[in-house]
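Here the structure is laid out as structure tokens; the discussion comes afterwards.
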Amino acid sequence: MTNQTNQTNQTMQRMQRMTSRIGALGLSAAFLSGVLILGGCRTDAGTGAGIGAGLGAIGGAIIGHQSGHAGEGALIGAGAGALGGYIVGNESDKHKMQRRHDPYYDY
């Protein structure tokens, strides 16, 4: 009887872990949607930050899932991705502004 109880407890624990992982991935997807909708894509920096956050959240959730911390991984990945995307997009914005003000650049 105790063996069956242990198996039931283990099954319940697995289901709880799976539910929390699914919740973390759903939270990541909601975060990505919010960033893309509200983040504004008027500049490459804004677009890069939104895309970077989304991809970072997905990657972080996948990596975090392997260690049992999908939610934390998603948040860390989103932050790192947003920062990286912003930096790349900001450099692109600078380059575009430089081309606009360069009289020798042939459009």
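The values are calculated or read from the model by the stated rules, or taken from the named source; none is laboratory data. Keep in mind the model is a prediction, meaning the values are calculated, not measured. Here Cβ is always computed from backbone atoms with ideal geometry, including for glycine, and neighbour counts include all displayed protein chains.
May I ask you to verify whether residue 51 is at pLDDT 80 or above and over 27 Å from residue 96 (Cα atoms)? For residue 51, the condition - at pLDDT 80 or above and over 27 Å from residue 96 (Cα atoms) - is not met. For first residues located in segment 74-97 and in contact (Cβ under 8 Å) with a residue 12 or more places away in the chain and farther than 29 Å from residue 64 by Cα, partners that are in a helix (DSSP H, G or I) and acidic (Asp, Glu) and lie 6+ apart or on another chain with Cβ distances below 6 Å form the pairs 92/44; 93/44. Please go through segment 58-71 and give me each residue that is in a helix (DSSP H, G or I) and free of Cβ contacts under 8 Å to residues at least 12 places away in the same chain, ordered by number. Passing the criteria: 62, 66, 67. Among the numbered criteria (1) in contact with a Phe, Trp or Tyr (Cβ under 6 Å, 6 or more places away or on another chain); (2) at pLDDT below 80, which single criterion is violated by residue 36? Tallying (1) in contact with a Phe, Trp or Tyr (Cβ under 6 Å, 6 or more places away or on another chain); (2) at pLDDT below 80, residue 36 fails exactly one: (1).
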